[in-house]
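Data first, discussion second: the structure below is written as structure tokens.
The values are calculated or read from the model by the stated rules, or taken from the named source; none is laboratory data. Note that the coordinates shown come from a computational prediction; the quantities given were computed from them, not determined experimentally. In this analysis, Cβ positions are derived from the backbone assuming ideal geometry, glycine residues included, and neighbour counts consider all displayed protein chains.
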């Protein structure tokens, strides 16, 4: 073997080239999926698909495990627990998260307002805000340590991304094919929804700020048919709907966007099979007065 300095340099170069070739061979290539045959969906078709889903899902319930990460001036935080999500679209929702039988978070909406309650804080605290299905264009600045969570769990986004909000055809700015996602990209004034198949089933969403930067992102997976008897009020001729059982949210706050690195807050829901809810859907869950009486938060920050 040639052990001269020049020989050693040559050997080192050959080894480095071999490493680069190996890494290149192992790198997962970006998959680009061609658009399906046929015409591009129209804004009218997407609006009709959304309306059909709302009609088919007059109630929907998901139950499973939630993981939540957020960052504030004290650093990074993590919490997890069992969640119970109940929705009566388009404007009533209840998301309760518990751990070992202790309620750690309650997000709800109804009667023109939404709330988020932190029962474990000392003193226990609740935020109360106006509620409408008008899309949130920026994270709500509620102040305090839980700003990231409050912006992350805005009910509008939770209802919208599951395809449970009506979209008027006049709200659609454009529709084109996203090759990397393998889905139609339906661009609205302040967000874009990714949808697949002839049913235009939503599989994800991105929300923009006023400058067009992505400030929130959601991905859906694990779609399953809704179980149980159809709820009263559902359209009699509606098809059996699909609902995601894997939901992940990311949000950037304090003027940051997706181009600035890791998100400030994230949550992931892993649910069992979805159902229509049955006896679990109670009017008291969507009424702030009843929720307040049940949890008795010591501080209520009323921003209405």
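Across the range 56-77, which residue is modelled with the lowest pLDDT among those that are under 17 Å from residue 151 (Cβ atoms) and either touching a helix residue (DSSP H, G or I) at 6+ places or on another chain (Cβ under 7 Å) or assigned to a strand (DSSP E or B) (or both)?
72
Between a residue in the range 228-252 that is in a strand (DSSP E or B) and any residue that is at pLDDT below 60, which pairs come within a Cβ distance under 9 Å, given they are 6 or more apart or on different chains?
What qualifies is 251/139; 251/148.
Evaluate the range 103-117: report whether one residue or more is within 20 Å of residue 243 (Cβ to Cβ), modelled with pLDDT under 90 and surrounded by fewer than 22 Cβ atoms within 10 Å (Cβ to Cβ).
The answer is no, given that none of the residues of the range 103-117 is within 20 Å of residue 243 (Cβ to Cβ), modelled with pLDDT under 90 and surrounded by fewer than 22 Cβ atoms within 10 Å (Cβ to Cβ).
Matching residues to (1) in a helix (DSSP H, G or I); (2) modelled with pLDDT of 90 or more; (3) surrounded by 12 or more Cβ atoms within 10 Å (Cβ to Cβ):
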| position | (1), (2), (3) |
| --- | --- |
| 1 | no, no, no |
| 19 | yes, no, no |
| 25 | yes, no, no |
| 28 | no, no, no |
| 35 | no, no, yes |
| 40 | no, yes, yes |
| 50 | yes, yes, yes |
| 79 | no, no, yes |
| 85 | no, yes, yes |
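When you check residue 142 against the structure, is it in a loop (DSSP other than H, G, I, E, B), more than 23 Å from residue 34 (Cα to Cα) and at pLDDT below 85, yes or no?
Answer is yes for this residue.
Any residue in the range 147-155 that is under 23 Å from residue 220 (Cβ atoms), modelled with pLDDT of 80 or more and within 20 Å of the chain's Cα centre (by Cα)? Walk me through how you get there before you give the answer.
Of all residues in the range 147-155, those under 23 Å from residue 220 (Cβ atoms) come to 148-155.
Within this subset, residues satisfying the condition of being modelled with pLDDT of 80 or more are 155.
Subset that is within 20 Å of the chain's Cα centre (by Cα): 155.
Yes, the range 147-155 has at least one match.
Please find, among 185, 135, the residue that is surrounded by 15 or more Cβ atoms within 10 Å (Cβ to Cβ), out of contact with any helix residue (DSSP H, G or I) (no Cβ under 6 Å at 6 or more places or on another chain), within 25 Å of residue 263 (Cα to Cα) and modelled with pLDDT under 85.
Details: 185 fails: modelled with pLDDT under 85.
Result: 135 is the single residue among 185, 135 that is surrounded by 15 or more Cβ atoms within 10 Å (Cβ to Cβ), out of contact with any helix residue (DSSP H, G or I) (no Cβ under 6 Å at 6 or more places or on another chain), within 25 Å of residue 263 (Cα to Cα) and modelled with pLDDT under 85.
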